[in-house]
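Report on the structure given below.
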Amino acid sequence: MIKFNEIKVGDYVIAEYEGQKWEGQVTHLNGDEKQVCVETDVQEFYFEPEHLYPIPITDESLLALNFTREDLSDGSVKYKKGSFRILIPGKDDFSSLEMWYREDRRHHPDVHYIHQLQNNYLQMTKIHLTSEVMV
């Protein structure tokens, strides 16, 4: 479950309905009823926060967001998108990460899921993180 106050329009989440789960993008927030509208490949539908789940940060999820991966000589891995960087201590070790954008550097932020990364990215760059390719 994701807390309602953590969700922003544009975030990627997993929505569940009657045992089926779909990845989708948040398109609207209904603050009065604490409902979240998520567009999936099936349809756009409102969900209660208890039926929304986070997408873990993994190599696959970062590559799906069009980050490029660079394996460094010390075993660490750097992911890059435009001027934004994420550094993890080792291959597939997302337990601790650093991120930076220009002068804003964050050491070991509490970021373990894609929506948390998107929210930090937005704070740092003033642009929402999507799967769009940066040129």
- Query: Near LYS80, which lysines are there with a Cα under 18 Å away, not counting those fewer than 8 places off in the same chain?
  - Reply: LYS91, LYS126
- Query: Among all stretches of the chain without exposed GluC sites (Glu not before Pro) (DSSP loop, at most 14 other Cβ atoms within 10 Å), which one is longest?
  - Reply: 34-102
- Between GLU98 and SER73, 0.36 nm times their residue separation minus their Cα-Cα distance comes to what? 7.3 nm
- Amide H to amide H under 5 Å from ASN66: which residues, 5+ apart in sequence or cross-chain, H placed 1.01 Å off N in plane? none
- Which of the aspartates and glutamates could a cross-linker bridge to LYS78, judged by Cα under 15 Å and excluding same-chain residues fewer than eight apart? ASP59, GLU60, GLU70, ASP92, ASP93, GLU98
- Item | Per-residue HN-Hα couplings for segment 106-122 [Karplus 6.51, -1.76, 1.60; θ = phi - 60°; Hz; x = Gly/Pro] | 10, 8, 6, x, 7, 10, 10, 10, 4, 5, 5, 4, 4, 5, 5, 4, 4
- Message: Can you return the lysines within cross-link range of LYS3? Criterion is Cα-Cα under 20 Å, with same-chain partners fewer than 8 residues away left out.
- Response: LYS21, LYS34
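Could you give the dipole magnitude of the chain about its Cα centre, charging the beta-carbon of Lys and Arg +1 and that of Asp and Glu -1, in debye to the nearest 20? Don't jump to the answer; show the numbers that get you there.
Working: 14 positive and 24 negative charges, 142 e Å.
Dipole size: approximately 680 debye.
Here, each number is a calculation from the coordinates, and none is a lab measurement. Note that the coordinates shown come from a computational prediction; the quantities given were computed from them, not determined experimentally. Quick reminder, even Gly has a Cβ in these numbers, built from the backbone with ideal geometry, and neighbours come from all protein chains shown.
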